[in-house]
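Working notes, beginning with the structure itself.
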Amino acid sequence: MALNNWDVKTSDILYKRFGAGEFLVSDLEALAKEKGIREAIITSCIGSLSQLKNEKLVLL
């Protein structure tokens, strides 16, 4: 069975609230570095953006 080869770890859920004028990508990168996070996903977002540059952002 393929699942026997998976390295399964439990993980914590981390919440981050952004205020007006904060930078989404760079602030998420700083948070990940601060918390020692190497891989993550964003499962949901509610809000709006005033500017978006698609340099490092991967949309799936």
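The set of residues from the stretch 39-60 being at pLDDT 70 or above and of a type in the set (A, V, I, L, M, F, W, C) comprises A40, I41, I42, C45, I46, L49. Take the conditions (1) more than 11 Å from the chain's Cα centre (by Cα); (2) part of a loop (DSSP other than H, G, I, E, B); (3) at pLDDT below 75; L3 misses just one of them, which is (2).
When you check A32 against the structure, is it aliphatic (A, V, I, L, M) and either at pLDDT below 70 or surrounded by 10 or more Cβ atoms within 10 Å (Cβ to Cβ) (or both), yes or no? First the steps, then the outcome.
Working: aliphatic (A, V, I, L, M): yes; either at pLDDT below 70 or surrounded by 10 or more Cβ atoms within 10 Å (Cβ to Cβ) (or both): yes.
Taking the combined requirement at face value, the residue satisfies it.
The values are calculated or read from the model by the stated rules, or taken from the named source; none is laboratory data. No experiment lies behind these values; they were computed from the predicted model shown. Glycine also receives a Cβ, built like all others from the backbone with ideal geometry; neighbour counts cover every protein chain displayed.
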